[in-house]
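*Asks:* The structure that follows is given in the form of structure tokens.
The values are calculated or read from the model by the stated rules, or taken from the named source; none is laboratory data. Please read these numbers as outputs of a predicted model, since none were measured by experiment. For neighbour counting, all protein chains shown are included, and Cβ atoms are generated from backbone atoms with ideal geometry for every residue, glycine included. Note: accessible area is taken over every heavy atom of the protein model, side chains too, but ligands, DNA and RNA are not part of it. Shrake-Rupley method; radii C 1.70, N 1.55, O 1.52, S 1.80 Å.
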Amino acid sequence: MTYDFIIIGTGIVGLATGLELNKRYPDKKILILDKASSLAADQSGHNSGVIHSGIYYPPGSLKAQFAAKGCQKMVEFCEEYQVPYRRCGKVIAAVKEKELPILNNLYERGLQNGLQLKKLGQEEIKEIEPYLTALAGIYVPNTSVVDFIEVCKKYAELLKKRNVEIKLGHKVLNIIEEKEHINVETDQGLFVAQWLIACAGLQSDRLAKLAGCPLTIKIVPFRGEFQKLNSNKNYLVKGLIYPVPDPKLPFLGVHFSRGVNEVIKIGPNALLGLAREGYRRGSFNFKDSIEIINYNGFWKFILKYWQTGLNEWFLSRIKSLYLKQLQAYIPDIRERDIKYYTAGIRAQALDNSGNLVNDFYFVEGRRSLHVCNAPSPAATASLLIAEYIVNRIEKLFK
Ligand SMILES: Cc1cc2nc3c(=O)[nH]c(=O)nc-3n(C[C@H](O)[C@H](O)[C@H](O)COP(=O)(O)OP(=O)(O)OC[C@H]3O[C@@H](n4cnc5c(N)ncnc54)[C@H](O)[C@@H]3O)c2cc1C
């Protein structure tokens, strides 16, 4: 059970990292472990399915560096391996006067990030999205939709063809870094490797801690619930309609997206979760909740954002309020047109000072690298993140 590299996580980042390692080191033995019984069991299988272009991210951040190129690579990958995707473009719409300067900043930022964009007036918005009513907008042509589960399945198929082992149903319980190797203890036995890369999403802080890495963040789960538009109202949304995001938060806001399967999803909102992997509404996990409550950073965060949090909670509970929010964009939507669909849970790192970590964030051990914050657009940028991870692990052993 000895390997050159062990990767934890068959989410999109773990699988992409396997592909990149195998590309650079085709003769090395690589094992990918996951506790779930299927691929992409967490974030990678519960997201909006948007291949983001990279408009939102501060120039110079890892997100900005990886998103635009990552978007291009993801589309090329889908083309090459025939994963269905659709380039539909997206409209970011301002519906209140106070959003106009933020929209403008977003436009400038997008240009700095090298994107092709178009400012839209009210009439031009109607040409793209006839049922959307907004004061102004930005059109981002280079945005697509895909099913990231299909991307993960394709990544895994390629890995298997290239003799990379994938073991599902193997929960990592402990990580012990020795001088010459690293022990990875699972509920199915011990595995030994030279190097470990943990891409464990919602459990990433716990695994980094097991490996003895010093941590200044904690993962806080943020539920993102989606509603579904009744199919007889599908004509209301042609592609992707996004709000102007709150610049203080890393979440993009409730949006309308027509998926590759033609289902129109509305969401995700951002609610504090009481269970890291509790997908059902009202899920509660005692250990997860106690850990959050005992975390200093959490209370500092609450002091700053309690109003936003409360607002999100009310919107999620009171359908008429939620509907009003949607009607600000598409006035023709009625209460009977939407119903609860599904939820994803974001593995969001929160630092000791109560700040949501905005960028991708990695922590190193002596023989391990831990991906401790890989929020959106990490699915889009998975192939680029994988290159970055392998560059960093190479620095550890070179
Ligand atoms: C609601 C929502 C909408 C989003 N929309 C988009 C979008 O439109 N576009 C985009 O680019 N990104 C989007 N994202 C972000 C994107 O989904 C994530 O950034 C990406 O999936 C992260 O992948 P990952 O591999 O790091 O983590 P994950 O997919 O969460 O994978 C982590 C894996 O680690 C495994 N694991 C954890 N602990 C252990 C253990 N102890 N032992 C073994 N295995 C373990 C888990 O079982 C899991 O399979 C969205 C996310 C959410 C939640």
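*Asks:* I need every pair where a residue in the stretch 156-177 that is free of Cβ contacts under 8 Å to residues at least 24 places away in the same chain has its Cβ under 9 Å from the Cβ of a residue that is away from the ligand (no atom under 11 Å from the Cβ) and hydroxyl-bearing (Ser, Thr, Tyr), sequence separation at least 6 or different chains.
*Replies:* Glu157/Tyr81
*Asks:* Just checking, which of Gly282, Gly309, Gly253 is assigned to a loop (DSSP other than H, G, I, E, B), without any contact (Cβ under 8 Å) to a residue 40 or more places away in the chain and closer than 26 Å to Pro101 by Cα? Break it down into steps so the answer makes sense when it comes.
*Replies:* Values: Gly282 fails: closer than 26 Å to Pro101 by Cα; Gly309 fails: assigned to a loop (DSSP other than H, G, I, E, B).
Result of the check over Gly282, Gly309, Gly253: Gly253.
*Asks:* Mind listing just one residue for me: the one in the stretch 1-38 that is of a type in the set (Ser, Thr, Tyr) and not in a loop (DSSP other than H, G, I, E, B) and, of those, surrounded by the fewest Cβ atoms within 10 Å (Cβ to Cβ)?
*Replies:* In the first step, residues of the stretch 1-38 are kept if they are of a type in the set (Ser, Thr, Tyr); the result is 2-3, 10, 17, 25, 37-38.
From what is left, the residues that are not in a loop (DSSP other than H, G, I, E, B) are 2-3, 17.
Values: Thr2: 11, Tyr3: 22, Thr17: 30.
Per the stated criteria, the residue is Thr2.
*Asks:* Filter the stretch 6-39 down to the residues that are aliphatic (A, V, I, L, M) and within 6 Å of the ligand (Cβ to nearest atom) and list them by number.
*Replies:* Pass one, the stretch 6-39, residues aliphatic (A, V, I, L, M): 6-8, 12-13, 15-16, 19, 21, 30-33, 36, 39.
Residues satisfying the conditions are Ile8, Ile12, Val13, Leu33, Ala36.
*Asks:* I've got another one for you. Between a residue in the stretch 24-37 that is within 9 Å of Glu165 (Cα to Cα) and any residue that is polar (S, T, N, Q) and open to solvent by 30 Å² or more (accessible area, probe 1.4 Å), which pairs come within a Cβ distance under 8 Å, given they are 6 or more apart or on different chains?
*Replies:* Final answer for the pair search is Lys29/Thr2.
*Asks:* Another question, then. Does His52 count as within 8 Å of the ligand (Cβ to nearest atom), in contact with a Pro (Cβ under 6 Å, 6 or more places away or on another chain) and in contact (Cβ under 8 Å) with a residue 40 or more places away in the chain?
*Replies:* Values: within 8 Å of the ligand (Cβ to nearest atom): yes; in contact with a Pro (Cβ under 6 Å, 6 or more places away or on another chain): yes; in contact (Cβ under 8 Å) with a residue 40 or more places away in the chain: yes.
Yes; evaluated as a whole, the condition is true for this residue.
*Asks:* What strands (runs of 3 or more DSSP E) lie completely within the stretch 124-207 and have 1 or more residues being open to solvent by 20 Å² or more (accessible area, probe 1.4 Å) and over 30 Å from Arg367 (Cα atoms)? Walk me through it before giving the result.
*Replies:* Working: elements: 136-140, 144-146, 165-167, 172-177, 182-186, 189-198.
Result: 136-140.
*Asks:* Still on this structure, please answer the following. Residue check, Tyr85 against (1) closer than 30 Å to Gln325 by Cβ; (2) within 13 Å of the ligand (Cβ to nearest atom); (3) surrounded by 23 or more Cβ atoms within 10 Å (Cβ to Cβ), all met but one. Which one?
*Replies:* (3)
*Asks:* What is the one condition in (1) touching a Ser or Thr at 6+ places or on another chain (Cβ under 8 Å); (2) more than 19 Å from Pro250 (Cα to Cα); (3) open to solvent by 30 Å² or more (accessible area, probe 1.4 Å); (4) aliphatic (A, V, I, L, M) that Met74 does not satisfy?
*Replies:* (3)
*Asks:* Moving on to the next point. Is there a residue being open to solvent by less than 50 Å² (accessible area, probe 1.4 Å), within 16 Å of the ligand (Cβ to nearest atom), touching a strand residue (DSSP E or B) at 6+ places or on another chain (Cβ under 6 Å) and small (Gly, Ala, Ser) anywhere in the stretch 350-369?
*Replies:* Scanning the stretch 350-369 turns up at least one residue that is open to solvent by less than 50 Å² (accessible area, probe 1.4 Å), within 16 Å of the ligand (Cβ to nearest atom), touching a strand residue (DSSP E or B) at 6+ places or on another chain (Cβ under 6 Å) and small (Gly, Ala, Ser).
*Asks:* Moving to a separate point now. Can we say Lys287 is in a helix (DSSP H, G or I), within 14 Å of the ligand (Cβ to nearest atom) and either loosely packed, with under 14 Cβ neighbours inside 10 Å or over 22 Å from the mean Cα position of the chain (by Cα) (or both)? Can you show your working first?
*Replies:* On the way: in a helix (DSSP H, G or I): yes; within 14 Å of the ligand (Cβ to nearest atom): yes; either loosely packed, with under 14 Cβ neighbours inside 10 Å or over 22 Å from the mean Cα position of the chain (by Cα) (or both): yes.
Considered against the rule, which asks whether it is in a helix (DSSP H, G or I), within 14 Å of the ligand (Cβ to nearest atom) and either loosely packed, with under 14 Cβ neighbours inside 10 Å or over 22 Å from the mean Cα position of the chain (by Cα) (or both), Lys287 comes out as yes.
*Asks:* List the number of the failed condition for Lys119; all other conditions in (1) part of a strand (DSSP E or B); (2) out of contact with any Ser or Thr (no Cβ under 9 Å at 6 or more places or on another chain); (3) surrounded by 20 or more Cβ atoms within 10 Å (Cβ to Cβ) hold.
*Replies:* (3)
*Asks:* Something else about it: Take the stretch 312-324 and flag every residue that is surrounded by fewer than 16 Cβ atoms within 10 Å (Cβ to Cβ) and in contact (Cβ under 8 Å) with a residue 24 or more places away in the chain.
*Replies:* Kept after step one, since they are surrounded by fewer than 16 Cβ atoms within 10 Å (Cβ to Cβ), are these residues of the stretch 312-324: 313-314, 317-321, 324.
Once the filter is applied, which keeps residues that are surrounded by fewer than 16 Cβ atoms within 10 Å (Cβ to Cβ) and in contact (Cβ under 8 Å) with a residue 24 or more places away in the chain, the stretch 312-324 yields only Trp313.
*Asks:* Consider only pairs whose beta carbons are under 7 Å apart and that are at least six residues apart or on different chains; among these, list those whose first residue lies in the stretch 257-272 and is at pLDDT 95 or above and whose second residue is of a type in the set (Lys, Arg) and outside any strand (DSSP E or B).
*Replies:* From residues that are at pLDDT 95 or above, the pairs are Arg258/Lys238.
*Asks:* Still on this structure, I have one more. Out of Ala64, Ala41, which single residue is small (Gly, Ala, Ser) and either open to solvent by 30 Å² or more (accessible area, probe 1.4 Å) or not in a helix (DSSP H, G or I) (or both)?
*Replies:* On the way: Ala64 fails: either open to solvent by 30 Å² or more (accessible area, probe 1.4 Å) or not in a helix (DSSP H, G or I) (or both).
Exactly one of Ala64, Ala41 is small (Gly, Ala, Ser) and either open to solvent by 30 Å² or more (accessible area, probe 1.4 Å) or not in a helix (DSSP H, G or I) (or both), namely Ala41.
*Asks:* Next question, about the same structure. Sort out which residues of the stretch 325-349 are surrounded by fewer than 19 Cβ atoms within 10 Å (Cβ to Cβ) and within 16 Å of the ligand (Cβ to nearest atom), and write them in order of number.
*Replies:* Hits for the stretch 325-349 are Tyr340, Tyr341, Thr342.
*Asks:* For the structure I just gave you, tell me whether Glu180 is more than 22 Å from Ala386 (Cα to Cα) and out of contact with any Phe, Trp or Tyr (no Cβ under 9 Å at 6 or more places or on another chain).
*Replies:* Working: more than 22 Å from Ala386 (Cα to Cα): yes; out of contact with any Phe, Trp or Tyr (no Cβ under 9 Å at 6 or more places or on another chain): yes.
Against the criterion (more than 22 Å from Ala386 (Cα to Cα) and out of contact with any Phe, Trp or Tyr (no Cβ under 9 Å at 6 or more places or on another chain)), Glu180 qualifies.
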